[in-house]
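The values are calculated or read from the model by the stated rules, or taken from the named source; none is laboratory data. Just so we're clear, the structure is a prediction, and the values are computed from it rather than from any experiment. So basically every Cβ, Gly included, is an ideal-geometry build from the backbone, and we count neighbours across all protein chains shown. These accessible areas exclude ligands, DNA and RNA; they are computed on the full protein's heavy atoms, side chains included. Shrake-Rupley method; radii C 1.70, N 1.55, O 1.52, S 1.80 Å.
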Amino acid sequence: MDKNCSINTVCNNLNISRSYLYTLFIKKINLSPRSFLKQLRINEAKKKLCNKEKIM
């Protein structure tokens with residue numbers, strides 16, 4: 001995942017508004033885009049931490 005990924009970047013790349021992206025996320029996965037992105041980052045951090053424990 002790109003560290004610089006943001007809601008604005010996604011909206012710009014898809015050429016849609018933030019409010020429309022929000023509506024789509026709520027409708028499809030019942031999470032806001034911000035909450036979804038935060039969860040992705042948390043999961044990625046967990047994977048990295050688990051991999052470091054296996055190495056040590």
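Which percent of the accessible heavy-atom area of the chain goes to carbon and sulfur, probe 1.4 angstrom? Working shown, then result.
Details: 2760 of 5030 Å².
On the chain, the fraction of accessible area on carbon and sulfur atoms equals 55 percent.
Of 50, 7, 39, which is farthest on the positive side of the dipole of the chain, counting Cα position, with +1 on Lys and Arg Cβ, -1 on Asp and Glu Cβ, and the Cα centre as origin?
50
When ligands, DNA and RNA are left out and all protein chains stay put, how many square angstrom of accessible area per residue does the chain have with a 1.4 Å probe? It would help to have the intermediate numbers written out before the result.
Numbers: 5030 Å² over 56 residues.
Here the residues of the chain average 90 Å² of exposed surface.
Between helix 18-29 and the chain, what is the angle of the helix's C-alpha long axis to the longest principal axis, kept within 0 to 90° and rounded to the nearest 10?
60
Of the peptides 45-51, 31-37, how do they stack up when ordered by the mean number of other Cβ atoms within 10 Å, highest first? Provide the component values of the computation, followed by the final result.
Values: 45-51: 9.4, 31-37: 14.7.
Descending packing order for the listed peptides: 31-37, 45-51.
Run the quick spin-label model on residue 12 and residue 42: label points 7 Å from Cα toward the beta carbon, then report their separation in nm to one decimal.
For residue 12 paired with residue 42, the spin-label model returns 2.8 nm.
When a/c is below 1.5 the answer is rounded, else prolate if a/b is larger than b/c, else oblate, so apply that to segment 7-46 with a ≥ b ≥ c taken from the square roots of the Cα gyration tensor eigenvalues. If you can, show how the numbers build up before the last one.
Working: a/c = 3.23, a/b = 1.49, b/c = 2.17.
It is oblate, given that a/c is not under 1.5 and a/b is not larger than b/c.
Treating the angle as unsigned and between 0 and 90°, give the value, to the nearest 10°, between the Cα long axis of helix 33-55 and the longest Cα principal axis of the chain.
With rounding to tens, the tilt is 10 degrees.
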